[in-house]
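A.B. asks: First the structure, which I've put down as structure tokens, then a few questions once you've had a look.
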Amino acid sequence: MHVLGGKKVLLGITAGIAAYKTANLVRLFIKSGAEVKVIMTPASKDFITPLTLSTLSKNPVHSTFYEKEAENELWNNHVDLGLWADIMLIAPATANTLSKMTDGTCDNLLLATYLSAKCPVYFAPAMDLDMYQHPSTKKSLATLQDFGNILIPATSGELASGLIGEGRMAEPKDIVAFIENDFLSKLPLRGKKILITAGPTYEAIDPVRFIGNHSSGKMGFEIAKTAADLGAEVFLIAGPSHQKVTHSFIDRINVKSAQEMYDACHQYYKNVDVAILAAAVADYRPKNIATQKIKKKDAALVIELEPTKDILKSLGQEKTTQLLVGFALETNNEIENAKSKIVKKNLDLIILNSLQDKGAGFATDTNKITIIDADFNQKPFELKSKKEVSVDIINEILKRVL
Ligand code: CTP
């Protein structure tokens, strides 16, 4: 997974020789799935052309408040640009710009946008050795960090002046890696392991037939994606489902039957912090699986069924430190049934779906849930998309695992 996938990166370029490296920087951000807009100080255009950067970023490059040359004279709204960004990066950041950033000077579009930005601001200084060592620069770096901006330290090496020492802008690949790692480390579920079950199970009758159900797996897959986006390492134990998932934090383990799901859950359960059982597991399976295809006869066919193991209940019995979350799909007497499942299966939370609610349950894109905790506190939610429901569920979990 690219942490920066879909993120909006606003790159501010100031007038240092390292500006020539920003072409590569833009390319790397685009490659990581980010969207990039560039603001240049007027003087930085001496080091790299706006055309190069707009071509690579696939966006117009801005450098003044007002673009007279544009076909329709254009006002570049620094507030909009600041609000657009998920991440602002100033690279290279010269001593001049750093100093202006400390005292709120905003005599160009980049500085005004910096003052308007609500997102995390990273800055990668670049300047000559003596400038980098100067107490005023050191003071700027400290002040900017006190403001909450994030320093991407300059490195040591041969500088454009020929001097050797500290002041070289970090390499573009290191800047991108720095921001990715910083983002990752701040994700609230970073370091947490979550087991999630999803989809139906298929219980074989003979080599070609099975007993299954209409579960699409959507709810469980959405929960897995939401948890992974927040940094969790997810073990998604999925019954047969057409849902797709591509996320480097999600390890998908495909199973078919309730027994296979049971085995996989028990394999991972010991090492996880949270288990969320969203699968629609068959409660019964054929007692004997015919080894040959069952032939049609005139008489009625009776298939004897035996109960499957209740996976959730078995995890409840083995629970040590895990937060255990179950689902309950009910048609009547919903709250009471859900509460008794909390007790019977030793759960911390249960997500109740009532089939009385339109748009809730199987094979829809929406769901309507009530979350009940072990003290029987109830939290009903509106009908929402399964994506939004997954966020509500993960938010409740976050309150309990942080
Ligand atoms: N579940 C499970 N293993 C089973 C059956 C259910 O892990 N063999 C889990 C489901 O994933 C869900 C919860 O148990 O999280 C409740 O499922 P549900 O079908 O509502 O309840 P059951 O316990 O099967 O009871 P009933 O069908 O009688 O309501």
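A.B. asks: Angle, helix 334-345 long axis vs. longest principal axis of the chain, Cα atoms, 0 to 90°, nearest 10?
C.D. replies: Result, in degrees: 90.
A.B. asks: If you average the alpha carbon positions of the stretch 335-402 and of the stretch 237-295, how far apart do those two centres end up, in angstrom?
C.D. replies: Between the Cα centres of the stretch 335-402 and the stretch 237-295 lies a distance of 21 Å.
A.B. asks: From the backbone phi of the stretch 347-353, what are the Karplus-calculated ³J(HN,Hα) couplings (6.51 cos²θ - 1.76 cosθ + 1.60, θ = phi - 60°) in whole Hz, Gly and Pro given as x?
C.D. replies: 3J(HN,Hα) across the stretch 347-353, in whole Hz: 9, 9, 8, 10, 9, 9, 10.
A.B. asks: Take every DSSP beta bridge whose two residues both sit in the stretch 155-298, then give the antiparallel share in percent to the nearest 5.
C.D. replies: Given both bridge residues lie in the stretch 155-298, the antiparallel proportion sits at roughly 25 percent.
A.B. asks: Over all directions, the average projected area of the alpha-carbon convex hull for the stretch 226-302 comes to how many nm²?
C.D. replies: 7.5
A.B. asks: Which of the peptides 18-28, 79-89, 102-112, 218-228 is most tightly packed, and how do the rest follow, going by the mean number of other Cβ atoms within 10 Å of each residue?
C.D. replies: Per-residue Cβ counts within 10 Å, averaged per peptide and sorted highest first, yield 218-228, 18-28, 79-89, 102-112.
A.B. asks: When the Karplus curve 6.51 cos²θ - 1.76 cosθ + 1.60 is applied with θ = phi - 60°, which whole-Hz ³J(HN,Hα) does each residue of the stretch 51-61 get, with x for Gly and Pro?
C.D. replies: 4, 4, 6, 6, 5, 6, 8, 6, 9, x, 9
A.B. asks: Still on this structure, I have one more. Would you work out what percent of the accessible area of the stretch 8-186, with all protein chains in place, is carbon or sulfur (probe 1.4 Å)?
C.D. replies: After summing per-atom areas, the C and S share lands at 56 percent.
A.B. asks: Using only alpha carbon positions, build the gyration tensor of the chain, then give the equivalent ellipsoid semi-axes as the square roots of 5 times its eigenvalues, largest first, whole angstrom.
C.D. replies: 56, 21, 20
A.B. asks: Now a separate question. Cα extents of the stretch 79-168 along the three principal axes, largest first, in whole Å?
C.D. replies: 41, 22, 21
A.B. asks: Please give the contour-minus-distance gain from Ala300 to Phe381: 0.36 nm per residue of separation, less the Cα-Cα distance, rounded to one decimal in nm.
C.D. replies: Separation in residues times 0.36 nm, less the Cα-Cα distance, equals 24.6 nm.
A.B. asks: Post the alpha-carbon centroid distance, the stretch 39-61 to the stretch 140-193, in whole angstrom.
C.D. replies: Here the two parts' Cα centres lie 22 Å apart.
A.B. asks: Restricting to the stretch 5-97, compute how many DSSP beta bridges are antiparallel as a %, nearest 5.
C.D. replies: Of all bridge pairs located within the stretch 5-97, approximately 15 percent are antiparallel.
A.B. asks: State, to one decimal in nm, how far the label point of Thr105 lies from the label point of Lys118, with both points 7 Å from Cα in the Cβ direction.
C.D. replies: It is 2.9 nm.
A.B. asks: Do any GluC sites (Glu not before Pro) in the stretch 4-74 lie in a DSSP loop with no more than 11 other beta carbon atoms within 10 Å, and if so, which?
C.D. replies: In loop regions of the stretch 4-74 (DSSP not H, G, I, E or B), the sparsely surrounded GluC sites (Glu not before Pro) are Glu69, Glu71, Glu73.
A.B. asks: If we restrict to alpha carbons, what Rg and Dmax does the stretch 8-186 come to, in Å?
C.D. replies: Expressed in Å, the Cα Rg and Dmax of the stretch 8-186 come to 15.3, 48.
A.B. asks: Beyond 23 Å between alpha-carbons counts as too far, so tell me which of Lys319/Lys399; Lys37/Lys218; Lys8/Lys192; Lys100/Lys138; Lys256/Lys399; Lys7/Lys387 fall in that bin.
C.D. replies: Those over the limit are Lys37/Lys218; Lys8/Lys192; Lys256/Lys399.
A.B. asks: Accessible area per residue of the chain at 1.4 Å probe, in Å²?
C.D. replies: Per-residue value: 49 Å².
A.B. asks: Order the peptides 37-48, 286-297 from the highest to the lowest mean number of other Cβ atoms within 10 Å of their residues.
C.D. replies: Taking the mean over residues of other Cβ atoms within 10 Å, the ranking is 37-48, 286-297.
A.B. asks: Can you give the helix-only mean residue ellipticity at 222 nm for the chain, where every DSSP H stretch with n ≥ 4 adds -39500 (n - 2.57) and the sum goes over all residues, rounded to the nearest 500 deg cm²/dmol?
C.D. replies: The helix contribution divided over the chain gives -10000 deg cm²/dmol.
A.B. asks: Continuing with the same structure: Step by step: find N for the stretch 142-227, compute 2.2 N^0.38 Å, then divide the Cα radius of gyration by it. What's the final number?
C.D. replies: 2.12
A.B. asks: Among bridges DSSP assigns within the stretch 193-399, what percent are antiparallel (round to 5)?
C.D. replies: Approximately 35 percent, going by the DSSP bridge assignments.
A.B. asks: Got a number for carbon plus sulfur as a percent of the stretch 193-399's accessible area, 1.4 Å probe?
C.D. replies: The nonpolar share, carbon plus sulfur, comes to 49 percent.
A.B. asks: What are the residues whose amide H is under 5 Å from the amide H of Ala93, where those residues sit 5 or more places off or on another chain and H is modelled from the backbone?
C.D. replies: Those qualifying (amide H under 5 Å, at least 5 residues apart or on another chain) are Ala124, Ala126.
A.B. asks: Still on this model: Which one of Tyr268, Tyr132, Tyr66 has the biggest mean-square fluctuation once the chain is modelled by GNM with Cα springs under 10 Å?
C.D. replies: Highest fluctuation among the options: Tyr66.
A.B. asks: When the C-alpha atoms of the stretch 193-399 are aligned to their principal axes, what extent does each axis show, in angstrom, from largest down?
C.D. replies: Reported extents, whole Å, longest axis first: 57, 38, 32.
A.B. asks: If you don't mind, another one. Take every Cα-Cα pair in the stretch 167-307 and report what % of them are more than 28 Å apart.
C.D. replies: Roughly 37 percent, rounded to a whole number.
A.B. asks: Quick one: helix 258-269 against the long Cα principal axis of the chain, what's the angle to the nearest 10°, folded into 0 to 90?
C.D. replies: 40
A.B. asks: Further, regarding this structure: Which value in Å does the Kirkwood hydrodynamic radius of the stretch 1-107 take, with 1/r averaged over all unlike C-alpha pairs and then inverted?
C.D. replies: Hydrodynamic radius (Kirkwood, Cα only) of the stretch 1-107 equals 14.3 Å.
The values are calculated or read from the model by the stated rules, or taken from the named source; none is laboratory data. Computed from a predicted model, the values in this text were never measured in an experiment. Glycine gets a Cβ as well: all are built from the backbone with ideal geometry, and neighbour counts include every protein chain shown. Protein only, heavy atoms only, side chains kept; ligands, DNA and RNA dropped before computing areas. Shrake-Rupley method; radii C 1.70, N 1.55, O 1.52, S 1.80 Å.
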